[in-house]
Amino acid sequence: MELPAWACKDEAYRPTRDRDAFLSRSFLRVMQALAALRLSGARALSWSPQGLLALLFCWVLLTALAAGLPFLGCQLALLLAALMFCDGRCLRRVLGAALAAAVFSLLLAAPAVFWGAGRALLLPVKSFLTLGAVLLVGETVPWHALTGALASLRVPQTVIFLLDTTLRAIFLLGEEAGALLTALKLRSVGRNRRKQRAAGAVLGTLFLRAQRLSEATYEAMVCRGFTGEYPRARAAAGGGAAGVLLPLLAAAFDVLLFLWLEGALARWGVFG
Amino acid sequence: MHIPENYLSPQTCAVMGAAMLPVWLIAVSKVKKEIPRERLPLLGIGAAFSFLAMMFNLPLPGGTTGHAVGGVLLALLFGPWGACLAVSTALFVQALFFGDGGILAFGANCFNMAFALPFAGWAVARAVRRVLPEHALVAAGAGAYAGINLAALLAAIEFGVQPLLFHDAAGQALYCPYPLSVSIPAMMVGHLTLFGFAEVVFTTAVLAYLKKAAPELASGARARAPRAVYGLLALLIAATPLGLLAAGTAWGEWDAEELRETAELGAPLGYTPAGMAQGFELPALLPDYAVAGMPEALGYILSAVIGTALLVIFFKLVATLRRPHTDYGAPSAGC
């Protein structure tokens, strides 16, 4: 049998190179977010999440209230000592974000410092300390344990419900988005002149799927007897009594340190 | 032994810095090759030990103080190149954050304490080990003693050549005012006796403890620091305020006012060398390991915690920059 002429021709199709970095980049970003969610709380700590949240709250409040360098120096030493036990990757994530925030607030505070308000220089230190601590807690406690701990700290049910479903939806939709971007990347051959349309279609499809997901979730909840009452999520049991006591002791120590170094104890005539 | 800012002429600093540059480059490539990625955080902990050892100031009758360095300990645990990098980093943190040792004099300080000290100590320890194979601790002690004394001698020579090379028309020194005939005896008396002994005790005590508490660490088989090591670090940090008991300033580390009053030549010096009066000065974050408005001891502990944590964090971050290397040819550990 003889092949038709068109089938005998050499294939010389070379697709023109396309600048589709936006695709790869958004794909990577989605996957990174998913990996971060999956890895969160991979480092098991024997402290209970409730205690850790209370400690974090205390830490952020005291750092914001502090007016002098001695107390902030102590906070810095404590934070660095805690970071010392993290592994390299966790350190990079926490320090990268916290330092970026510090540099940003330094830029914001720069005019004030220029006009003579030297105390504005405390701002970058404070943002480094608070963001570093928040990220560190995020790295050590898994998301579900955090929402559980929030519930046992009497945060309204609606907030907990929203937070819980948001985190779950981010996870499910992130995987969907990953699949959609993979499909688009595989099917894109040659130059795509209508990139907005491609990106728009991915987002639109994602939105439709999200809507379908929410309806399905709600129906499933009703089928299982949902009455509008979101049961208090069970906080992960962590370390027993010591797991609760240790962070509370740490918080109490921090408060004492604050009162002493900021001069409140001396004013009350207790010490110093 | 930390040479402060402006005690050495900029020319001397440049020469010492240029001498250290190839050493650092070789050290980085050697460490890359010889120390596996998993052991780098341990090197950070080693650097933290050295940092803490240098915070324990010991007093000597006559008003001067000194300290151990711990470089030989690191050389025995990680090899001399690893020790060179670790001590250099510890010195850098001290110079930048705590104002201990000058920024310009960083090259000279590294040459004495991060290059000469670990290499000489390591070589002596190996030589002694060959003669007395059963006495590892004796060899380590001998190495430590030789290492710190060589470093002190080098520092004394660097101090002592300044008045010979750099003085004004009136014969007044521009930088360090004391010649070799003063600096060498002054530095060596302390280091041949108390500070050399302190280095020997520090090196052998930590080595003996590690051999007992974490033998696989001392032999280089283990990559992660066991709890015992962190415990020892915490103990050292808590004990650092002991270093404050030593009143006085180490020889050659006086500030400008103190220097006017020193009487190393028989009579008070009476002038501030010109090069020092108009010298380079970089304000440190926590000068002299103290925080304004805080008790001295607490400031000292705080500085110890911050320095230790910075060193460990730095080496952990460096370890993440290196790609993991898997040797598929190696026999598996489980078999």
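Numbers at a glance
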{"quantity": "Conditions (1) of a type outside the set (Val, Ile, Thr); (2) farther than 13 Å from A:Ala133 by Cα; (3) surrounded by 14 or more Cβ atoms within 10 Å (Cβ to Cβ); number of the one not met by A:Ala67", "calculated": "(3)"}
{"quantity": "Of all residues making up region A:88-99, the number that are within 8 Å of another protein chain (Cβ to nearest Cβ) and within 10 Å of A:Leu135 (Cβ to Cβ)", "calculated": "1"}
{"quantity": "Yes/no for A:Gly148 being on the phi < 0 side of the Ramachandran plot and within 14 Å of chain B (Cβ to nearest Cβ)", "calculated": "no"}
{"quantity": "Condition met for A:Phe85 (within 14 Å of chain B (Cβ to nearest Cβ) and assigned to a loop (DSSP other than H, G, I, E, B))", "calculated": "yes"}
{"quantity": "Selected residue (only one of A:Leu79, A:Leu37 is assigned to a helix (DSSP H, G or I) and within 14 Å of chain B (Cβ to nearest Cβ))", "calculated": "A:Leu79"}
{"quantity": "Residue under evaluation A:Leu95, criteria (1) over 16 Å from the mean Cα position of the chain (by Cα); (2) crowded, with 17+ Cβ neighbours inside 10 Å; (3) not hydroxyl-bearing (Ser, Thr, Tyr), criterion not met", "calculated": "(1)"}
{"quantity": "Of all residues in region A:196-250 being within 22 Å of A:His144 (Cβ to Cβ) and of a type in the set (Lys, Arg), the one that is modelled with the lowest pLDDT", "calculated": "A:Arg234"}
{"quantity": "Enumerated helices (runs of 4 or more DSSP H) restricted to region B:187-299, each holding at least 3 residues that are modelled with pLDDT of 80 or more", "calculated": "B:196-213, B:227-239"}
{"quantity": "Any hit, region B:161-176, residues being aliphatic (A, V, I, L, M) and in contact with a Phe, Trp or Tyr (Cβ under 6 Å, 6 or more places away or on another chain)", "calculated": "yes"}
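Residue by residue, here is whether (1) in a helix (DSSP H, G or I); (2) at pLDDT 90 or above; (3) more than 22 Å from A:Leu62 (Cα to Cα) holds:
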{"site": "A:Gly73", "(1), (2), (3)": "yes, no, no"}
{"site": "A:Cys90", "(1), (2), (3)": "yes, no, yes"}
{"site": "A:Ala98", "(1), (2), (3)": "yes, yes, no"}
{"site": "A:Ala101", "(1), (2), (3)": "yes, yes, no"}
{"site": "A:Leu107", "(1), (2), (3)": "yes, yes, yes"}
{"site": "A:Pro111", "(1), (2), (3)": "yes, no, yes"}
{"site": "A:Ala145", "(1), (2), (3)": "yes, no, yes"}
{"site": "A:Val159", "(1), (2), (3)": "yes, no, yes"}
{"site": "A:Leu162", "(1), (2), (3)": "yes, no, yes"}
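The values are calculated or read from the model by the stated rules, or taken from the named source; none is laboratory data. Owing to the predicted nature of the structure, the values given are computational and were not obtained by experimental measurement. In this analysis, Cβ positions are derived from the backbone assuming ideal geometry, glycine residues included, and neighbour counts consider all displayed protein chains.
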